[in-house]
Amino acid sequence: MSKKIELTDESKVKVREVILKSLNDASFKERLVKNPKAAIAELYPDLIERETRNIVVFDQTDKNTIYVNVSATQYVLLDGDSDAIELTQEDLNLVAGGVEQELAVESCYFLSC
């Protein structure tokens, strides 16, 4: 089983601090976009050493551009019909059995939410 960043209150604070630093420090933002894990490790090595997934960072600060994050979570948050995102029978069995499973929404695990 791979170890992943859990979005605890503490890790959410750390993620916000990474974002804030990138908004205030152009060289850090450049490093964050080029090599997210290395840049995050500059601030929180303990946070990033557990993460086994890829991390993708896009600089979405250009006010002349509209950025669209394609993810199931964003769809629901924008008042999309959650019933349109169907669960598989396996997912339904997990829910019925009371087993917790991480929502498979890659873009919202770390930096974009």
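Picking from residues in the range 50-69 that are closer than 15 Å to residue 30 by Cβ and in contact with a Leu (Cβ under 8 Å, 6 or more places away or on another chain), the one that is least open to solvent (accessible area, probe 1.4 Å) is 57. A search for C-beta distances below 7 Å between a residue of the range 35-57 that is in a helix (DSSP H, G or I) and any residue that is among the acidic types (Asp, Glu) and surrounded by fewer than 17 Cβ atoms within 10 Å (Cβ to Cβ), counting only pairs 6+ apart in sequence or on different chains, returns 43/17. Within the range 7-26, the set of residues being closer than 19 Å to residue 56 by Cβ and outside any helix (DSSP H, G or I) comprises 7 only. In the range 1-28, the residues that are modelled with pLDDT of 85 or more form Cβ pairs under 8 Å with partners that are open to solvent by 60 Å² or more (accessible area, probe 1.4 Å) and among the hydroxyl-bearing types (Ser, Thr, Tyr), at six or more places apart or across chains, as follows: 23/61. Got at least one residue in the range 99-109 being of a type in the set (Phe, Trp, Tyr) and modelled with pLDDT of 85 or more? No, that holds for no residue.
The values are calculated or read from the model by the stated rules, or taken from the named source; none is laboratory data. Keep in mind the model is a prediction, meaning the values are calculated, not measured. No Cβ is skipped: glycine too gets one built from the backbone with ideal geometry, and neighbour counts run over all protein chains shown. These accessible areas exclude ligands, DNA and RNA; they are computed on the full protein's heavy atoms, side chains included. Shrake-Rupley method; radii C 1.70, N 1.55, O 1.52, S 1.80 Å.
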